[in-house]
Amino acid sequence: MKTVHTEKHRLRASKTELNGGQLVPPFECPERVEHILAELAARRHGEIVAPDAFGLAPVRRIHDGAYLDFLSTCWEEWQAAGYAGEAIATTWPSRRMPLSRPPREIDGRIGYYCLAAETSISGGTWEAAQAAADVALTGQALVAGGARAAFALCRPPGHHAAQDMFGGYCFLNNAAIAAQAFRDQGAARVAVLDVDFHHGNGTQAIFYDRPDVLFLSLHGDPDEAFPYFLGAADETGTGAGEGFNVNYPLAPGTAYPAWAEALENALARIRAYGAEAVVVSLGLDTFKEDPISFFKLESADFTDYGRRIARLGLPTLFVLEGGYAVAEVGINTVNVLTGFEE
Ligand code: Q9C
Ligand code: ZN
């Protein structure tokens, strides 16, 4: 399958992540992509193609206009405020405070649109996020045009980003934007299968009241893992979307047998649903050596689950999400893709 990639991901290069009370170099770093590209080349895996420019119209199908305005001007406003560091939220509309309006001043506005403080915004973030959406949309166009599968090498990732919220290293929800594009081009039912270690809270929120996009996520139990406040098994959708959201929260230490059992359950749900296309939110942070996660998958397990996803027999778009064991992220990514193609 083809890989869609652009050097513009490098524009997302913040210097700081708030971790354990310290500002550290971000786990979500440009080197992740370099390792994936090197492994794709070493194993002669398919062609690398550049994205087309789709503009903001398909992004606006998912994200609120005021949120996009905020993202596009946040860094300039932060600098205009005279701050020396990168833009980091410190104040949120929390319990017993109305969520009704974004404040004018940038410290308030960034808190309004933010879900977690680890993610700093700096120069280039908005441009890189737009480029990642173009990468996803280009992969979607390849699959809609008849390719069995494509790999969108998106960076920054997207699945924590909701209609009007960034955080968890995510700004635009690349997978949701691609799923919506399948719908807008005529697919009646689309499934989004999220195998990143973390719950895809943004994707869940975006499609929660809709029956036309089935969302399924295997992830660290939110009682123990980020994003903590969404991802429980009893979140099944609302209104017309009731029954079309499926969460598999899994315990610390989960290894491949239990993970694969949840995956097979999810794949059976996708078959029963009658999806016409599948978007896979492909996070590699389920790996046993991931520095911020607690599952125990081995590199060979990634090949195996790529094979299992292929057995759906559906047009499939892989969209890169997380994965922070940088030295192995390329091997594990390409294992999924080659397993799928066996
Ligand atoms: N400082 C994705 O995998 N919590 N995002 C960080 C370590 C946020 C992960 C904890 C994790 C976000 C796309
Ligand atoms: Zn993750």
Filtering the stretch 317-335 down to residues that are open to solvent by less than 10 Å² (accessible area, probe 1.4 Å) and not in a loop (DSSP other than H, G, I, E, B) yields Leu317, Phe318, Val319, Leu320, Val329, Gly330, Asn332, Thr333, Val334
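Can you go through Leu263, Leu267, Leu314 and tell me which one is more than 16 Å from ligand 1 (Cβ to nearest atom), open to solvent by 20 Å² or more (accessible area, probe 1.4 Å), in contact (Cβ under 8 Å) with a residue 24 or more places away in the chain and under 15 Å from Val192 (Cα atoms)?
Just one listed residue meets the conditions, Leu314.
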Of those in the stretch 185-233 that are of a type in the set (Ser, Thr, Tyr) and closer than 19 Å to His63 by Cα, the residue surrounded by the fewest Cβ atoms within 10 Å (Cβ to Cβ) is Tyr208
Of the residues in the stretch 171-205, those that are free of Cβ contacts under 8 Å to residues at least 60 places away in the same chain and closer than 29 Å to Leu99 by Cα come to His199, Gly202, Gln204, Ala205
Of the residues in the stretch 106-145 that are in a loop (DSSP other than H, G, I, E, B) and either touching a strand residue (DSSP E or B) at 6+ places or on another chain (Cβ under 9 Å) or free of Cβ contacts under 8 Å to residues at least 24 places away in the same chain (or both), the one that is nearest to Pro58 (Cα to Cα) is Gly145
Within the stretch 276-311, restricting to residues that are within 16 Å of ligand 1 (Cβ to nearest atom) and among the polar types (S, T, N, Q), the one that is surrounded by the fewest Cβ atoms within 10 Å (Cβ to Cβ) is Ser293
Of those in the stretch 270-287 that are touching a strand residue (DSSP E or B) at 6+ places or on another chain (Cβ under 6 Å) and in a loop (DSSP other than H, G, I, E, B), the residue nearest to Val192 (Cα to Cα) is Ala275
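The values are calculated or read from the model by the stated rules, or taken from the named source; none is laboratory data. Keep in mind that what you see is a predicted model, and the values were worked out from it rather than measured. Neighbour counts run over all protein chains shown; Cβ positions are idealised from the backbone, glycine included. What goes into the accessible areas is simple: the full protein's heavy atoms, side chains included, and nothing from ligands, DNA or RNA. Shrake-Rupley method; radii C 1.70, N 1.55, O 1.52, S 1.80 Å.
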